[in-house]
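Worksheet: the structure to be examined is printed underneath.
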């Protein structure tokens, strides 16, 4: 019977180093600056409103993925975690999307929601 | 049973009391999943009786036309509380009781992953339930239906504390079920015995997993919806107030995004129960195990995409309505698949109609009727006719009573011997079964017609010349019959707990792990954690034999597991008589978590934090009691630290 | 696990930990909890999106023209960009804290945890300032739908940050006293998961509320 060695260090060796962490911190900062850039470009009329929203959403999704994959170690960790996180996260996204479509695309009854 | 001892790993901890201690304090501080399961079961069953009493009062009010037995206002409270009591205080916790007691035994575990968290969820449930039911005794109960449609719930239209009880009570109860479900998910994923692969788990455990995932996701949505309503009522927001720009239909969306998965939360566990009961009493492995499991997952997954079929009458427009109509029809497929799998399991089996099996068969029949009237609702134009009529009441009761309750009773007769060590009386069981079946069909079948003739729901009386008289009286007679049958069950439970026939470890000759240990199981469940090599570990040898698997029998005073005289094989432990003898010395090495009083403190703190807010809308000197909310907050904070830093617990 | 392995090994656990999946139960519970939190915040965000632009009275979040009259937006983008950056940096500090605890560096483990908590508290300071400013500019929970949805969404997030700051300071104390060493680094890892999740939620909220008009 193989004895169970409780190596707590087990999953560290394939983890990123502090250098990587700081590098990702810099990338996240740059992405945030780009997001703000998108907002500014919309303010001064370079971007159409829809374009800015799209660009900002994509950038924010990239930041989301970076933090979850690296800082929360999902990229290096057991797939079980990915499962228990991804299912509700996908549900939440779908719920937001469904209500957005019901209200802003299909234009629900009741109140009329126009941008004031 | 009395000489086993706990050994506690951390030297700092006080030595745990002897496991067989039975004083009140030992129940208050217990972290044993079996005791918590029993507490859940007893509490929820009492609430089931209260919910039943409410139903009887409702039917008495409706027995004859132009009756004024309850009056309109009390009637509103009565039907609202009947739904809330049954759903949140009785049926969900009853399934929770089975999850608690049975799931760890089915996967070969000594307890759930977080025993103290388990106790915490029970205490939050108990305090939350007492809070909510107190409103009923005070005649201040919620009176807006369990769906609490906006904008009736807004402060302008519902003054007083009735809706506050709804908001605060469900906030607390939702928390309890989320915590419990997190625990079950981790337990099922992480504490399986060696060899118990996911696709070897008993279907009941599978469905417990599916249900728990539904709860942690759906209940979260409801928690926020209720919080928004709470803000509308307490802090002047206007989330659902159309006079200030809010949209009442958003409440409907959020409510049913929770509410429809909630329906599955209430039925999926029973689909699991009968999936364990039917093979046992048919002496045949479940037909199409994989398909049954995956259709269970599919039901849960599809259940997320159908919520708006509750809102067809609101007018969502053709695109949305078509989408939700089609997705609703799709659900019939995996549900139908399950029904056919149950039938195929019984086909050619050596069926024994114990009470448990009768209820399982009754479940299939009644649930199918409920399912069929459910598919009828998916046709949006037809649904416009049915919405808010007794047709819907008939449908939902065929699902909740014919499905959930009959399934629960199948499980009750099946697992009661494991919990108490004694069988429920079969003769009383047969009376209970036939009374319940006849009663429920008398009560609910006429409601289909009442609905189609146009009798609206939630109306406290009706005039004599509408042609509703006969069928309403019939329904009331049926309701009384159900009530009497339930009293028979209650008597059976009470009587058999101490005086029933001794069951032995495996009275039914069932195939799953919980039947390999004594009834009731020792504190540590399994002396040795078994190694699992198949889905039906206790049937492995028999199933390869000619002539199928013999039925098991209750063996008075005997401890060894035999299936019709044949010892079960492949499992090392049933051969060891010592396994059945908990007084063996080597039970000493089993580490069980010590009892803890933090769960009840934390549970009380959380409940007080929300519950005391009720006094915000009370005038007079009682108003100041709402400051107790801060006491609750401080208790919660202290409780969290005490809980987290308690020695002797890793987590 | 393949069938052969399950049949021959007395202990069929695939990994070093004594659980069926090989992962720590607390960590699994925490990820499940985070999953549940996704739906809590998801519902708040969905409500915000549904009511975006539905306010009937000012103040409005962004510069708006209603019936020919111009209203200045109430949101302060530069200020919140700064606080966003601070919360982001706290996440960097958090990973460094975990890495220090894992290699047994008590002093720096404690220091980075305190720095993380301090950055979180600074973020909260910004939020308190912002809420206070809005209140005096006439935006309350009961003013309009923007007020209701904005305060509940960001307030709920702020409550999470507050809990996180207390959580981290408690851990800093435990690390300082040597009660959490490398062998118990999972405790810090889980706190890290919580903290990063709170950051991730802000990564979603910031563009949705502040940047996208």
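Points worth noting:
- Filter result for the condition that a residue is within 14 Å of chain B (Cβ to nearest Cβ), outside any loop (DSSP other than H, G, I, E, B), within 28 Å of residue A:23 (Cα to Cα) and touching a helix residue (DSSP H, G or I) at 6+ places or on another chain (Cβ under 7 Å), over C:116, C:162: C:162
- Qualifying residue in region A:1-9 (condition: surrounded by 11 or more Cβ atoms within 10 Å (Cβ to Cβ), within 7 Å of chain C (Cβ to nearest Cβ), over 19 Å from residue C:103 (Cβ atoms) and at pLDDT below 85): yes
- Qualifying residue in region B:254-261 (condition: farther than 30 Å from residue B:508 by Cβ, within 11 Å of another protein chain (Cβ to nearest Cβ) and more than 25 Å from the chain's Cα centre (by Cα)): no
- Wholly within region B:368-434, helices (runs of 4 or more DSSP H) carrying at least 1 residues that are within 25 Å of residue B:493 (Cα to Cα) and in the same structural domain as residue B:453 (by TED's automatic domain parsing): B:390-399, B:406-420
- Of all residues in region C:183-199, those that are within 7 Å of chain A (Cβ to nearest Cβ) and surrounded by fewer than 17 Cβ atoms within 10 Å (Cβ to Cβ) total 1.
- Being at pLDDT below 95, more than 25 Å from residue C:42 (Cβ to Cβ) and surrounded by fewer than 20 Cβ atoms within 10 Å (Cβ to Cβ) is a property that residue B:282 lacks.
- Among the helices (runs of 4 or more DSSP H) confined to region C:1-107, the ones with at least 3 residues that are at pLDDT 95 or above and either crowded, with 21+ Cβ neighbours inside 10 Å or at the interface with chain A (Cβ under 9 Å from one of its Cβ atoms) (or both) are located at C:25-50, C:77-102.
- Failed item in (1) facing another protein chain (nearest Cβ under 10 Å); (2) crowded, with 21+ Cβ neighbours inside 10 Å, with residue C:172 passing the rest: (1)
- Residue in region A:45-60 that is surrounded by the fewest Cβ atoms within 10 Å (Cβ to Cβ), counting only those that are part of a helix (DSSP H, G or I) and more than 9 Å from every other protein chain (Cβ to nearest Cβ): A:50
- Of all residues in region B:448-476, those satisfying the criterion of being in a helix (DSSP H, G or I) and closer than 12 Å to residue B:59 by Cα are B:471, B:472, B:473, B:474, B:475, B:476.
- Take the conditions (1) in a helix (DSSP H, G or I); (2) within 12 Å of chain B (Cβ to nearest Cβ); (3) over 10 Å from the mean Cα position of the chain (by Cα); (4) within 30 Å of residue B:241 (Cα to Cα); residue C:142 misses just one of them, which is (1).
- Residue match in region C:125-132 (condition: facing chain B (nearest Cβ under 10 Å) and without any contact (Cβ under 8 Å) to a residue 60 or more places away in the chain): no
- Single residue of region B:310-320 satisfying the filter (facing chain A (nearest Cβ under 10 Å) and over 20 Å from residue B:261 (Cβ atoms)) that is nearest to the chain's Cα centre (by Cα): B:315
- Among the criteria (1) buried (at least 21 other Cβ atoms within 10 Å of the Cβ); (2) at pLDDT 85 or above; (3) not assigned by TED's automatic domain parsing to the domain that holds residue B:108, the one residue B:533 does not fulfil is (1).
- Residue in region C:145-155 that is closer than 18 Å to residue C:118 by Cα and at pLDDT below 95 present: no
Matching residues to (1) closer than 21 Å to residue B:370 by Cβ; (2) modelled with pLDDT under 95; (3) touching a helix residue (DSSP H, G or I) at 6+ places or on another chain (Cβ under 6 Å):
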{"site": "B:388", "(1), (2), (3)": "yes, yes, no"}
{"site": "B:395", "(1), (2), (3)": "yes, no, yes"}
{"site": "B:406", "(1), (2), (3)": "yes, no, yes"}
{"site": "B:412", "(1), (2), (3)": "yes, no, no"}
{"site": "B:429", "(1), (2), (3)": "no, no, yes"}
{"site": "B:441", "(1), (2), (3)": "yes, no, no"}
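- Residues that are outside any helix (DSSP H, G or I) and at the interface with another protein chain (Cβ under 8 Å from one of its Cβ atoms) were ranked within region A:74-95; the one that is surrounded by the most Cβ atoms within 10 Å (Cβ to Cβ) is A:78.
- Annotation: of all residues in region B:150-203 being outside any loop (DSSP other than H, G, I, E, B) and without any contact (Cβ under 8 Å) to a residue 24 or more places away in the chain, the one that is farthest from residue A:83 (Cα to Cα) is B:198.
- Number of the exception - residue A:14 against (1) more than 9 Å from chain C (Cβ to nearest Cβ); (2) at pLDDT below 85; (3) over 30 Å from residue C:18 (Cα atoms): (3)
- Test: residue in region B:333-347 that is within 14 Å of chain A (Cβ to nearest Cβ), within 20 Å of residue B:294 (Cα to Cα) and not in a loop (DSSP other than H, G, I, E, B): no
- Yes/no for residue B:216 being assigned to a helix (DSSP H, G or I) and within 11 Å of another protein chain (Cβ to nearest Cβ): yes
- Scan of region B:56-107 for residues that are under 25 Å from residue B:519 (Cβ atoms) and not in a helix (DSSP H, G or I), ordered by number: B:107
- If you filter region B:234-243 down to residues that are facing chain C (nearest Cβ under 7 Å) and either touching a helix residue (DSSP H, G or I) at 6+ places or on another chain (Cβ under 6 Å) or crowded, with 20+ Cβ neighbours inside 10 Å (or both), you find that the one that is farthest from residue B:316 (Cα to Cα) is B:237.
- Breaking point among (1) under 19 Å from the mean Cα position of the chain (by Cα); (2) surrounded by fewer than 21 Cβ atoms within 10 Å (Cβ to Cβ); (3) under 21 Å from residue B:246 (Cβ atoms), for residue C:163: (3)
The values are calculated or read from the model by the stated rules, or taken from the named source; none is laboratory data. For clarity, every value in this text was computed on a predicted model and none was experimentally measured. Note that each Cβ is placed from the backbone with ideal geometry, even for glycine, and that neighbours are counted across all protein chains shown.
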